[in-house]
């Protein structure tokens, strides 16, 4: 796509007072830079009568989505069984000191094993 005309892309060069206002808006609404700029843009279009209420609400809803508070996805926080990658429900510790996350299946297998202790 390099070298091609991209007429749908706008580059804005803001002086420092406008730039800091955009940053304040971004921080207040916990938005990424692109969404903050797009929201300001559609607010202006609405105020100038360039878009109707339906289109305004569509884009306002689309871009008024705060950034995630954590860069780590919730799915990544869920522990998996170290033996089979199924969801882990508890931990088991070997007599050597090694601790493993375990699922239901491995809990049943290790529950009465003499070399493993299940966390309570």
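Read-outs: derived from the displayed coordinates by stated rules, not from any lab. What you are looking at is a predicted structure, and each value in this text was computed from that prediction instead of being measured. Positions of Cβ are backbone-derived with ideal geometry, glycine not excepted, and every protein chain shown enters the neighbour counts.
Between region 78-113 and region 12-51, the alpha-carbon centres lie 50 Å apart.
From the square roots a ≥ b ≥ c of the eigenvalues of the alpha-carbon gyration tensor of region 16-63, which class results: rounded (a/c under 1.5), prolate (a/b over b/c), or oblate? Here region 16-63 falls in the oblate category. Here 61, 69, 90, 99 are placed in order of increasing Cβ neighbour count within 10 Å, fewest first, which gives 69, 61, 99, 90. Computed from Cα atoms, the angle from the helix 33-47 axis to the main principal axis of the chain rounds to 40 degrees. The modelled label-to-label distance for the pair residue 20/residue 85, using points 7 Å beyond Cα in the direction of Cβ, is 5.2 nm. Per-residue ellipticity at 222 nm, computed for the chain from helices alone with -39500 (n - 2.57) per DSSP H run of at least four residues, works out to -12500 deg cm²/dmol.
Across 94, 11, 106, mean-square fluctuation computed from a Gaussian network of the chain (C-alpha pairs under 10 Å connected) peaks at 11.
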